[in-house]
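In what follows, a structure is listed as structure tokens, so that the remarks can point back to it.
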Amino acid sequence: MRHTLPHAPQFYVTAPQPCPYLHGRAERKLFTALHGENAVELNNALSRQGFRRSQNVLYRPSCESCVACMSARIRVADFRPSRTQRRLLRRNRSIRRLATSAWATEEQYDLFRQYLDNRHADGGMADMDIFEFAAMIEETPVKTRVIEYRGNAQQAGNGTEDVDHLAAVCLTDVLDDGLSLVYSFYDTTMSAASLGTYLILDHIEIARAAKLPYVYLGYWVPGSRKMDYKARFSALEIYKGGVWQDIGDPESHSNESHPLSVDPIVEQVARIALPQFNR
């Protein structure tokens, strides 16, 4: 179904599908195309309202009977690493960061396949081939970087060290108020490195150096074990009830919502604040 605002992008709603985070529930997304001369402004404006980018689309959960998925971001200036996170930074100090343009490589795809096969073999991306992977990386109308992380890794069978091992990759959008982690994947055999957490810690440092106030982490879902790690970062905010607020006690956020309390799609679209596009 299409929903339109005057002089604005058109918004659509997907058909309900099984929720990947909470068993027995259905997910539905509100989305709009991202293209043309207003793409950067639209990405900035909607990211501040809980939307995420996937290639040339901006989307936000709009489920019929659940509001569990909440966009999450870290306030860079207020973030203080925990003792465990400080130990992790010291442990990974030999890892090197390399920021490149949004260009896919076979080496990245090989790591992506290893990550999916070990962590998300039954997920929606499990069947992605190298061409679809390249589209995910390269189809972007906004300022996007691929950030590679390289470091020592034990090579199987011969006991030597690969000093230029591709350990992790993060597809990152540069917004006007922060960095948005669009998608990341890493070598799952390097479990001691806790690379998923390390990527976020390093992006906080990148944002701090660039004087950007936020690092956007995607969605946090209370009750989903896949998302528990995000609540371990200090200065975490969630987008709930149309405003950003401190997460406080994660246990206080119920993932239940009565169907009658979910606003109709038309009302949700009417409340979206859009930038002033050229007429």
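No other residue among ALA192, ALA207, ALA235, ALA168 is within 24 Å of PHE133 (Cβ to Cβ) and in contact (Cβ under 8 Å) with a residue 12 or more places away in the chain apart from ALA168. In segment 221-247, which residues are farther than 22 Å from ARG86 by Cα and surrounded by fewer than 20 Cβ atoms within 10 Å (Cβ to Cβ)? Matches in segment 221-247: GLY223, SER224, ARG225, LYS226, LYS240, GLY241, GLY242, VAL243, TRP244, GLN245, ASP246.
The set of residues from segment 78-111 being under 26 Å from VAL221 (Cβ atoms) and in contact with a helix residue (DSSP H, G or I) (Cβ under 9 Å, 6 or more places away or on another chain) comprises PHE79, PRO81, SER82, THR84, GLN85, LEU88.
I need a count of the residues in segment 100-114 that are touching a residue at least 60 places away in the same chain (Cβ under 8 Å) and within 29 Å of ARG232 (Cα to Cα).
Taking segment 100-114 as the starting set, the residues that turn out to be touching a residue at least 60 places away in the same chain (Cβ under 8 Å) are 102, 108, 111-112, 114.
Retained after the next criterion (residues that are within 29 Å of ARG232 (Cα to Cα)): 108, 111-112, 114.
Number satisfying all stated conditions: 4.
Would you tally the residues in segment 15-66 being in contact with an Asp or Glu (Cβ under 9 Å, 6 or more places away or on another chain) and of a type in the set (A, V, I, L, M)? Number satisfying all stated conditions: 2. Say whether the condition of being surrounded by fewer than 16 Cβ atoms within 10 Å (Cβ to Cβ) and within 24 Å of PHE11 (Cβ to Cβ) is met by at least one residue in segment 177-189. Yes: segment 177-189 contains one or more residues that are surrounded by fewer than 16 Cβ atoms within 10 Å (Cβ to Cβ) and within 24 Å of PHE11 (Cβ to Cβ).
Being under 22 Å from VAL67 (Cα atoms) and in a helix (DSSP H, G or I) is the filter here; which residues of segment 205-223 pass it? None - no residue of segment 205-223 is under 22 Å from VAL67 (Cα atoms) and in a helix (DSSP H, G or I), so the list stays empty.
Against the list (1) of a type in the set (A, V, I, L, M); (2) more than 13 Å from ILE74 (Cα to Cα); (3) at pLDDT below 95, the condition ALA231 fails is (2). Restricted to segment 38-147, the set of helices (runs of 4 or more DSSP H) holding at least 1 residues that are under 23 Å from GLY178 (Cβ atoms) comprises 39-47, 83-91, 130-138.
The values are calculated or read from the model by the stated rules, or taken from the named source; none is laboratory data. For clarity, every value in this text was computed on a predicted model and none was experimentally measured. Using ideal geometry, Cβ is built from the backbone for each residue, glycine included, and neighbour counts are taken over all protein chains shown.
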